[in-house]
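Q: To start, I am sharing the structure in question, which I have written as structure tokens.
The values are calculated or read from the model by the stated rules, or taken from the named source; none is laboratory data. Keep in mind that this is a model prediction, so the values were computed, not measured. Methodologically, a virtual Cβ is constructed for each residue, glycine included, from the backbone with ideal geometry; neighbour enumeration extends over all protein chains shown. When the accessible area is computed, the model is the full protein with side chains, heavy atoms only, and any ligands, DNA or RNA have been set aside. Shrake-Rupley method; radii C 1.70, N 1.55, O 1.52, S 1.80 Å.
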Amino acid sequence: MTEREHMDFDVVVVGAGPAGLAAAIRLKQIDPGLSIVVVEKAAEVGGHILSGAVIDPIALDQLAPEWRSECSEARVPVSEDKFLFLTRNTAVPLPAALLPKLMSNHGNFVVSLANVVRWLGQKAEALGVEIYPGFAAAELVVDDAGVVRGIATGDMGVGRDGTPGPDYQPGMELRGRYTLLAEGTRGSLSKQAIARFGLAEGREPQKYGIGFKEIWQVEPSKHKPGLVQHSFGWPLSNAVGGGSFLYHQADNQVVVGFVVHLNYKNPYLSPFEEFQRFKTHPAITGTFEGAKRIAYGSRAISEGGWQSVPRLCFPGGVLVGDAAGFMNVPRIKGSHNAMLSGLLAADHLAAALTEERAGDEVTNYDAAWRESAIGKDLYPVRNVKPLWSALGTLGGIMLGGMDMWLQQLFRWSPFGTLKHGKPDHEALEPAAGHRPIAYPKPDGKLTFDRLSSVFLSGTNHKEDQPVHLKVADPLLQLRSEHDVYAGPSTRYCPAGVYEWIEGPDGPRFQINAQNCVHCKTCDIKDPNQNITWTTPEGGGGPNYANM
């Protein structure tokens, strides 16, 4: 085995997203002499960032108040806020007076989070933070005492058979006094750390959704800058949680998005096809007449909230952002909490470094978040997701709204703190108990297929590399995922990665890894937890421009 080279830093940050960059910037603001490195698997900073996004500026205002004048994404404040309940042919508006104050988007901004992150990357580099895009953090570096001492980047130039090719370069160890994991939802190293150090013990299972986003160039007459419209109901049944949104951003562009909660039961359900159906609703389709779709992407989001946040510290490191699960489900927002967690972690890491500490558990960070702005954001909405899961959309929304009102007015809930129950992969039921869903064929104008959508995401992987989607037991995949559940991987994947191909010797599971948009849904929803998402060679995956 080739010995890896190494570089030493005070703090190693995994992931150049809002949480990781916020932490890196704050550390440099506190002590310019600290050596900080950020490693990012995308080919460029922002290349793997996908979010709605209507951003709450609370964290940006703390970190870099000049963003309002310097960042181009600060130009579209929310001008109008709408909520709709959809049936097949109607849209029922919900009066703003019925909604708890926390649901208001007044003072927020419609942004491309990818571009906000690019701006943060520039700020970080100007302060002296080293950022290495195009390098995937493939493994934790753990010493004999069980302390995380950094990460190792993935080897480059490895052939599909696992042997080094002519352009082979071994990965490098980036060692730090502390390692900050900011990989986003279901990050591969975060998943390892949570399991290795028992960080989820005593917590509820993390819950997830899969989110879709398209950007459309619309006719100027149909564009209303700053309009934010959320909806729920059709095309999802009452038993399936989820929602949808239209955001009017700058330059005659409209973002259309759709979220499906991943605790759905029917293995024949296709979240991607439900998204395409949503756009055909009479209250939605008019926006896209004469318009052109210019971007597509998908990613998993964390939905467990207050009850599911794991312990945030482990020997030698911390979790921040979506790696920890700080999204606010009813607000459909998480980037503000991601950045706030980066700031909070940075404050506590800086204090530890000042005390000449290294490799220990920064327990003060874990103890502080529930009393911070993050906790105050998540605590009042903690029962919305469990009520939604237990009672369906109508009952869950009604009781969840009542619960939020009671906590806003009296800081009290009749439910206490509800539990989520089982993890999402256990919710899937055998196909024998369900009927296949006949989805309409795409028209290529308003609705589309997966492959043309993946093309718009700019997804690309070097083809001659090991498949990064690992199936632990191929026979189990056949006898259970295919025979019992009717191959749900072919439907929950938003990129056409998985296929069951019938051949003379029976069904064969084919993995089109080059299509992967790094959403992590397979790692979450496979009923046997038989598929593990790992990092491909650095620089691969989607290349989101303005998502």
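Q: Roughly how compact is region 87-242, stated as its Cα Rg over 2.2 N^0.38 Å to two decimals?
A: Its radius of gyration relative to the 2.2 N^0.38 Å reference: 1.52.
Q: What list of ³J(HN,Hα) couplings, whole Hz, do you get for region 362-371 from phi and the Karplus terms 6.51, -1.76, 1.60, once you set θ to phi - 60° and write x for glycine and proline?
A: 8, 5, 4, 5, 5, 6, 8, 5, 5, 8
Q: When ligands, DNA and RNA are left out and all protein chains stay put, how many square angstrom of accessible area per residue does region 242-317 have with a 1.4 Å probe?
A: On the way: 1660 Å² over 76 residues.
Solvent-accessible surface per residue comes out at 22 Å².
Q: Sticking with this one: Grab every C-alpha pair in region 426-547, bin the distances at 10 angstrom width from 0 up to the longest one, and report whole percents.
A: Computed distribution, short to long bins: 12, 40, 35, 13, 0.
Q: Turning to a different aspect of this structure: Only Lys, Arg, Asp and Glu count, each charged at its Cβ (+1, +1, -1, -1), so figure out the dipole size of the chain about its Cα centre, rounded to 20 debye.
A: My answer is approximately 2000 debye.
Q: Report, by chain and number, residues whose modeled amide H sits under 5 Å from the one on residue 240, excluding near sequence neighbours (fewer than 5 apart, same chain).
A: The list, which skips near neighbours in sequence, is 393.
Q: Let me ask something else. May I ask you to give the percent of accessible area on the chain that is carbon plus sulfur, with a probe radius of 1.4 Å?
A: On the way: 11520 of 21600 Å².
Roughly 53 percent of what the probe reaches on the chain is carbon or sulfur.
Q: As an exercise, identify the GluC sites (Glu not before Pro) in region 338-415 lying in DSSP coil whose Cβ has no more than 16 other Cβ atoms within 10 Å.
A: 355, 356
Q: On to the next question. Would you kindly give the portion of the calculated P(r) for region 343-484 that falls above 26 Å, as a percent of all Cα pairs?
A: 65 percent
Q: Counting other C-beta atoms within 10 Å, and keeping those with at most 14, which DSSP coil trypsin sites (Lys or Arg not before Pro) do you find in region 125-216?
A: 160
Q: Return the percentage of antiparallel bridges among DSSP beta bridges fully within the chain, rounded to the nearest 5 %.
A: Beta bridges within the chain, antiparallel portion: roughly 70 percent.
Q: Here is a follow-up. Please list, by residue number, every one of the trypsin sites (Lys or Arg not before Pro) in region 70-117 that is coil in DSSP and has at most 10 other beta-carbon atoms within 10 Å. Don't jump to the answer; show the numbers that get you there.
A: On the way: sites: 75, 82, 88, 101; in loops: 88.
When the trypsin sites (Lys or Arg not before Pro) of region 70-117 are filtered for loop state and at most 10 Cβ neighbours within 10 Å, 88 remain.
Q: Follow-up. Using only the C-alpha atoms of region 373-416, find the volume of their convex hull and express it per residue in Å³.
A: Convex hull volume per residue, Cα atoms: 61 Å³.
Q: Let me check I have the definition right: for region 435-488, take the eigenvalues of the Cα gyration tensor, multiply each by 5, take square roots. What are those semi-axes in whole Å, largest first?
A: Each semi-axis is √(5λ); the values are 27, 23, 5 Å.
Q: Another question, then. Along its three principal axes, how long is region 194-267 when you only count alpha carbons? Whole Å, largest extent first please.
A: Dimensions of region 194-267 along the principal axes of its Cα atoms: 53, 30, 18 Å.
Q: Right, something else. Rg and Dmax of region 87-131, using alpha carbons, in Å: what are they?
A: When restricted to the Cα atoms of region 87-131, Rg and Dmax are 19.1, 55 Å.
Q: Using a Förster distance of 56 angstrom, determine the FRET efficiency expected from the C-beta separation of residue 473 and residue 221, and round it to 0.05.
A: Details: r = 56 Å, r/R0 = 1.00.
So the FRET efficiency works out to roughly 0.50.
Q: I've got another one for you. Can you classify region 22-143 as rounded, prolate or oblate using the Cα gyration tensor, where a ≥ b ≥ c are the square roots of its eigenvalues, rounded means a/c under 1.5, and otherwise it's prolate if a/b beats b/c and oblate if not? Spell out each step's value before the answer.
A: Details: a/c = 2.68, a/b = 1.90, b/c = 1.41.
Here region 22-143 falls in the prolate category.
Q: Rg over Rh of region 227-301, using C-alpha atoms and the Kirkwood radius, what does it come to?
A: Dividing the radius of gyration by the Kirkwood radius yields 0.97.
Q: For residue 28, give me every one of the aspartates and glutamates with a C-alpha distance below 15 angstrom, ignoring sequence neighbours fewer than eight places off in its own chain.
A: Excluding near neighbours in sequence, the set is 10, 125, 130, 347.
Q: Calculated FRET efficiency, residue 89 and residue 422, Cβ-Cβ r, R0 41 Å, to nearest 0.05? Provide the component values of the computation, followed by the final result.
A: Details: r = 35 Å, r/R0 = 0.86.
It comes to 0.70.
Q: Whole number in Å², please: accessible area per residue of region 356-482, 1.4 Å probe, ligands, DNA and RNA not counted.
A: 56 Å²
Q: Still on this structure, please answer the following. Any idea of the accessible area per residue across region 1-147, 1.4 Å probe, to the nearest Å²?
A: Here the per-residue accessible area is 43 Å².
Q: Taking Rg and Dmax of the Cα atoms in Å as the quantity of interest, determine which of (1) 22.4, 67; (2) 24.6, 79; (3) 23.5, 81 was computed from the displayed structure.
A: (1)
Q: Further question on the same structure: Alpha carbon centre of region 252-314 versus region 392-432: separation in Å?
A: Between the Cα centre of region 252-314 and that of region 392-432, the gap is 20 Å.
Q: OK, next. Report, in listed order, any pair from 207/333; 385/419; 292/520; 213/292 with a Cα-Cα distance greater than 19 Å.
A: 292/520
Q: So, one more: Using label points projected 7 Å from each Cα along Cα→Cβ, tell me how many nm separate residue 402 and residue 415, to one decimal.
A: If labels sit at residue 402 and residue 415, their model points lie 1.1 nm apart.
Q: Place a point 7 Å from the Cα of residue 145 along the Cα-to-Cβ direction; which residues of region 312-353 have their backbone N under 15 Å from it?
A: 314-317
Q: For region 308-380, what is the charge dipole size about the Cα centre, in debye to the nearest 20, if Lys and Arg each add +1 at the Cβ and Asp and Glu each add -1 at the Cβ?
A: Here region 308-380 has a charge dipole of around 400 debye.
Q: Give me the number: length gained by fully extending residue 360 to residue 61, i.e. 0.36 nm times residue separation minus the C-alpha to C-alpha distance, one decimal in nm.
A: Roughly 104.5 nm would be gained on extension.
Q: Please state the shape class of region 184-235: rounded when a/c is under 1.5, otherwise prolate if a/b exceeds b/c and oblate if not, all from the C-alpha gyration tensor. Could the numbers behind the result be given before it?
A: Values: a/c = 4.15, a/b = 2.72, b/c = 1.52.
Prolate is the answer for region 184-235, as a/c is 1.5 or above and a/b outweighs b/c.
Q: Report the one residue of 127, 193, 89 whose Cα lies farthest in the direction of the positive end of the charge dipole of region 64-219 (charges on C-beta: Lys and Arg +1, Asp and Glu -1; origin at the Cα centre).
A: Ranked along the dipole, the leading option is 89.
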